[in-house]
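Before any comments, here is the structure.
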Amino acid sequence: MAERGRGAAGGALPSSPGPVLAAKGALRAGAGEGGGGGRPGPGRARCDSAGVSNGDCSLGAPGGEARVGPALAAAPGPAACPLPRDSKPGGLPRRSSIIKDGTKQKRERKKTVSFSSMPTEKKISSASDCINAMVEGSELKKVRSNSRIYHRYFLLDADMQSLRWEPSKKDSEKAKIDIKSIKEVRTGKNTDIFRSNGVSDQISEDCAFSVIYGENYESLDLVANSADVANIWVTGLRYLISYGKHTLDMLESSQDNMRTSWVSQMFSEIDVDGLGHITLCSAVQCIRNLNPGLKTSKIELKFKELHKSRDKTGTDVTKEEFVEVFHELCTRPEIYFLLVQFSSNKEFLDTKDLMMFLEAEQGVAHINEEISLEIIHKYEPSKEGQEKGWLSIDGFTNYLMSPDCYIFDPEHKKVCQDMKQPLSHYFINSSHNTYLIEDQFRGPSDITGYIRALKMGCRSVELDVWDGPDNEPVIYTGHTMTSQIVFRSVIDIINKYAFFASEYPLILCLENHCSIKQQKVMVQHMKKILGDKLYTTSPNVEESYLPSPDVLKGKILVKAKKLSSSCSGVEGDVTDEDEGAEMSQRMGKENTEPANHLPAKRFQLCKELSELVSICKSVQFKEFQASFQAQKYWEVCSFNEVLASKYANENPGDFVNYNKRFLARVFPSPMRIDSSNMNPQDFWKCGCQIVAMNFQTPGLMMDLNVGWFRQNGNCGYVLRPAIMREEVSFFSANTKDSVPGVSPQLLHIKVISGQNFPKPKGSGAKGDVVDPYVYVEIHGIPADCAEQRTRTVHQNGDAPIFDESFEFQVNLPELAMVRFVVLDDDYIGDEFIGQYTIPFECLQTGYRHVQLQSLTGEVLAHASLFVHVAITNRRGGGKPHKRGLSVRKGKKSREYASLRTLWIKTVDEVFKNAQPPIRDATDLRENMQMIQSLKALIENADAVYEKIVHCQKAGTSRPLEIRQERDRGEPEADPLRGSLLRTQQARHRKR
């Protein structure tokens, strides 16, 4: 396993000293024994049915890992495209009955491929590279209709007239296909043989292709060890079909193509004296300017290697060397193969090609040639390309690496949601103990905590106020060793930064422990500094809901204790809120009693401070039914994390209904002395609006919080899903199945490649090499939570190729997030490389780059993932702009059990007959479940109908009962019932 991904496992084409096709004889030299760059002889062939792991294109052998090259400008990272490695026997026993050996003698094959990360690899950057690789040959798997897979070595004759394979029982002249007889090259599993083959489900769609040839349109169905190898053969064969006998001439002319001319021009601009060579330093700097992600040491090493291969002693760089190294380092094969897929075998995209790509893959609506030309003029680096309306591989790479192709939908970079709903209908970005910048017990307090939180779009900050010296209140966590900051300075900072990132209301969670004297000082500071920003308007008792964020723009709301309206004095008695005391208790003794059940202390509150509290009056939560009946819409309850979790698990439906009308604040358990964070999704799924986070502690939980609030212009407010807002709807937070009334979505993510992964910051001394792998995580309701990981790409952090596809069913898209995490598999101390978290609703479909972020949220320079995203609904539909053309994997409406082939003929034949009955049994079971569901629905509808008839006979009494039931906050038992009741109410109003 330690050697996986290294030279022994497979690799890329060896580097050549000059252009791949310097002359016509370069390809013809391969004819005969020993020609063609050391073509390997035939080896032992076998067929088996070992399964293909996700993203691994081989059957019975580990999948090849590929190298990916850097893009221009914003697209960094070195490139290489692999050939398949020699297959090793899989886990099945080698049986003489299943081994197909045409020679009966195993001959040693010369190794021509390597996965070494050293810069001695040849990258695929043109059609000539593809054809050269085909002449070199590859081991592919030949699929037959009898459910068997034959390992064969395929190669293109040096004269490019025939496609051959070996070993074979056929005569050598019959084990070939004439290129001129090829009618078509199809990608994917799109022939009858693939569809009828018993192991077709184990074959990756991206690694399969078929050659259709002959007058009878026969098919040669092949599977490569990786998608890149399949792309090499598909691209090369299509090129041969397109240009026929003129292929060599076309390949020679491509050596002086648009790209080469542009690179040569750059060289000439540096070589101002016309000497024909430039210094190594100038050459390295020029390539670095075009591709900032490339390391200087890597570029220098590539030039030195090239000089050594040519026995050159000097360090100066010629034009030919500059062009060759540029092509080698600045070409990303995965983007090149994508380009030729849409360019009809040209080395560039014209305006029509680009239009097709933008519409079919990127989901750009109302596309026309003018838009295509704008993109070409913006991203194409060569003047020739701009004048002719052609987008070269460099321009295409620049475009794909630009913000236009980031995964985050730019529509969500500004406020895009309805901001006129009641305040309780939004999730609110909230901070816990905002003044702390480290742990909760001994950590320092600092005003920078407020600055950081407010700049990040936080809309709810906490102030824990105590009596201070010189009659100046101070902020710190009571009963702890945290340092203190002056209350007045905090109010100054809040006044300065309150609306720095958002114009929507800011909530000050005031935990007041001051004497009456210093409470009055607090009032003076707040009125003097905040002035008209304070919202002190009394709530309207005729209303049922809080005002909207739109109405409260530019206002600061104070959440705190408030004297009752019956209090006529200048001060009164209220219950105390003291999180610090609770923490101190838990530090002193083991106490498992929930925080909200601790006996409440009382303290004196002055009326002036009470009057600053308007629509966020702090009250103590008792139980749901009491709240539904007696709680006012302007009263806010705070829940300890432990108690909130208890309600989320035991009363999920009630908790959701409670939060439709009232604000709920959840704060971390006092046991989180290290300032660790709870999972906000655990409480968002219950509709809790204010989930207070420790902003000073990075990690997964803060990634979720920061990522979640990006989706509405980072304004600090996110509209909750409709099912959490509508009175008549019912939603259980712990649902582990599809949500009634919500169409599940299928998310297809293909992780293609990575670029410029840095070494983990906290890792030990093991050099600059990383072994990256990627996790794709879905966070949301329990039914949606899932994760998948790619394989590890060994010793390649510059340009790893993953090429793995995943599929997730998302039942409540409005509450789901996608997180990409890149980790180091061979780490010392720290494995974290980077991450990016994005709400499901913000995903852009098509080919996208994901800009990775550090543990603390900073963007990692030039580090990214290249992915393909497609979204469809569960039945195969979906909005046009949410679909990607590359989702070629066929979807079944039902999942059927499958039988594994053992390759023991007598046993397989017996169990083969069991497959149809199993499918029939599955169909019968599913149909019976559907019938039972329909029966229950009909019975429920009959019961509802009877109630409606009874209601009509009773006149106005039943609608009144319904309204009373609704006002108490009791949930409707069935969405259908709620809909019918609304219809009945409407009819009653008309009467």
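Within the stretch 559-581, can one find any residue that is within 30 Å of Lys413 (Cα to Cα) and touching a Lys or Arg at 6+ places or on another chain (Cβ under 7 Å)? Checked against the condition, which is being within 30 Å of Lys413 (Cα to Cα) and touching a Lys or Arg at 6+ places or on another chain (Cβ under 7 Å), the stretch 559-581 yields no hits at all. Would you check which residues across the stretch 663-695 are over 21 Å from Ile781 (Cα atoms) and surrounded by 24 or more Cβ atoms within 10 Å (Cβ to Cβ) and list them? Selection gives Asn694, Phe695. Quick one: is Val185 within 27 Å of Glu324 (Cβ to Cβ), modelled with pLDDT of 90 or more and touching a helix residue (DSSP H, G or I) at 6+ places or on another chain (Cβ under 6 Å)? Taking the combined requirement at face value, the residue does not satisfy it.
Okay, residues lined up against (1) in a strand (DSSP E or B); (2) open to solvent by 10 Å² or more (accessible area, probe 1.4 Å):
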| site | (1), (2) |
| --- | --- |
| Val742 | no, yes |
| Ile749 | yes, no |
| Pro760 | no, no |
| Asp784 | no, no |
| His794 | no, yes |
| Phe802 | yes, no |
| Phe820 | yes, no |
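Is it the case that the stretch 846-869 has a residue that's among the charged types (D, E, K, R), open to solvent by 10 Å² or more (accessible area, probe 1.4 Å), free of Cβ contacts under 8 Å to residues at least 60 places away in the same chain and not in a strand (DSSP E or B)? Working first, answer last.
Filtering the stretch 846-869 down to residues among the charged types (D, E, K, R) leaves 848, 858.
From what is left, the residues that are open to solvent by 10 Å² or more (accessible area, probe 1.4 Å) are 858.
Checking the rest, the ones that are also free of Cβ contacts under 8 Å to residues at least 60 places away in the same chain come to 858.
Adding the requirement that they be not in a strand (DSSP E or B) leaves 858.
Yes: one or more hits.
Beta carbons closer than 6 Å, at least 6 apart along the sequence or on distinct chains, pair a first residue in the stretch 544-571 that is more than 23 Å from Pro422 (Cβ to Cβ) and open to solvent by 60 Å² or more (accessible area, probe 1.4 Å) with a second that is modelled with pLDDT under 95 and not in a loop (DSSP other than H, G, I, E, B) for Val570/Lys607; Glu571/Ile516; Glu571/Gln604; Glu571/Cys606.
On the basis of being open to solvent by less than 40 Å² (accessible area, probe 1.4 Å), at pLDDT 95 or above, aliphatic (A, V, I, L, M) and touching a Lys or Arg at 6+ places or on another chain (Cβ under 9 Å), does Val774 make the cut? Walk me through it before giving the result.
Numbers: open to solvent by less than 40 Å² (accessible area, probe 1.4 Å): yes; at pLDDT 95 or above: yes; aliphatic (A, V, I, L, M): yes; touching a Lys or Arg at 6+ places or on another chain (Cβ under 9 Å): yes.
In short, yes.
Among the residues of the stretch 652-661, none qualifies, meaning not one is in contact with a helix residue (DSSP H, G or I) (Cβ under 9 Å, 6 or more places away or on another chain), touching a residue at least 40 places away in the same chain (Cβ under 8 Å), surrounded by fewer than 22 Cβ atoms within 10 Å (Cβ to Cβ) and of a type in the set (A, V, I, L, M, F, W, C).
Here is a yes/no grid of residues against (1) surrounded by 16 or more Cβ atoms within 10 Å (Cβ to Cβ); (2) closer than 20 Å to Leu329 by Cβ; (3) touching a Phe, Trp or Tyr at 6+ places or on another chain (Cβ under 7 Å); (4) at pLDDT 90 or above:
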{"position": "Glu205", "(1), (2), (3), (4)": "yes, no, no, no"}
{"position": "Tyr213", "(1), (2), (3), (4)": "yes, no, no, yes"}
{"position": "Tyr239", "(1), (2), (3), (4)": "yes, no, no, no"}
{"position": "Asp249", "(1), (2), (3), (4)": "no, no, no, no"}
{"position": "Asp256", "(1), (2), (3), (4)": "no, no, no, no"}
{"position": "Trp262", "(1), (2), (3), (4)": "yes, yes, no, yes"}
{"position": "Gln265", "(1), (2), (3), (4)": "no, yes, no, yes"}
{"position": "Ser268", "(1), (2), (3), (4)": "no, yes, no, yes"}
{"position": "Gln285", "(1), (2), (3), (4)": "no, yes, no, yes"}
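Can you find a residue that is over 38 Å from the mean Cα position of the chain (by Cα) and surrounded by fewer than 15 Cβ atoms within 10 Å (Cβ to Cβ) anywhere in the stretch 473-482? Yes, that holds for at least one residue. Among the residues in the stretch 129-140, are any surrounded by fewer than 18 Cβ atoms within 10 Å (Cβ to Cβ) and either farther than 29 Å from His748 by Cβ or touching a residue at least 60 places away in the same chain (Cβ under 8 Å) (or both)? No, the stretch 129-140 has no match at all.
Residues in the stretch 411-445 that are more than 17 Å from Thr856 (Cβ to Cβ), outside any loop (DSSP other than H, G, I, E, B) and touching a residue at least 60 places away in the same chain (Cβ under 8 Å): His412, Lys413, Leu423, Ser424, His425, Tyr426, Phe427, Ile428, Asn429, Ser430. For Ile673, the conditions (1) more than 20 Å from Met817 (Cα to Cα); (2) touching a Ser or Thr at 6+ places or on another chain (Cβ under 8 Å); (3) of a type in the set (A, V, I, L, M) all hold with the exception of (2). With the condition kept exactly as written, say whether any residue in the stretch 587-597 is at pLDDT 80 or above, of a type outside the set (Lys, Arg) and buried (at least 16 other Cβ atoms within 10 Å of the Cβ). No, the stretch 587-597 has no match at all.
What helices (runs of 4 or more DSSP H) completely inside the stretch 280-382 contain at least 1 residues that are over 19 Å from Gly846 (Cα atoms)?
Values: elements: 280-290, 296-309, 319-329, 333-342, 351-360, 369-379.
Of the helices (runs of 4 or more DSSP H) lying wholly inside the stretch 280-382, those with at least 1 residues that are over 19 Å from Gly846 (Cα atoms) span 280-290, 296-309, 319-329, 369-379.
Scan the stretch 622-647 for residues that are in a loop (DSSP other than H, G, I, E, B), open to solvent by less than 70 Å² (accessible area, probe 1.4 Å) and over 20 Å from Leu508 (Cα atoms) and jot them down. Please lay out each step first, then the result.
First, pick out the residues of the stretch 622-647 that are in a loop (DSSP other than H, G, I, E, B): 622-623, 631-634.
Add one more test, that the residue is open to solvent by less than 70 Å² (accessible area, probe 1.4 Å), and what stays is 631, 633-634.
Selection gives Gln631 alone.
The values are calculated or read from the model by the stated rules, or taken from the named source; none is laboratory data. From a predicted model like this one, the values you see are computed outputs, not experimental measurements. Neighbour counts run over all protein chains shown; Cβ positions are idealised from the backbone, glycine included. All accessible areas refer to the heavy atoms of the entire protein, side chains included, with ligands and DNA or RNA removed. Shrake-Rupley method; radii C 1.70, N 1.55, O 1.52, S 1.80 Å.
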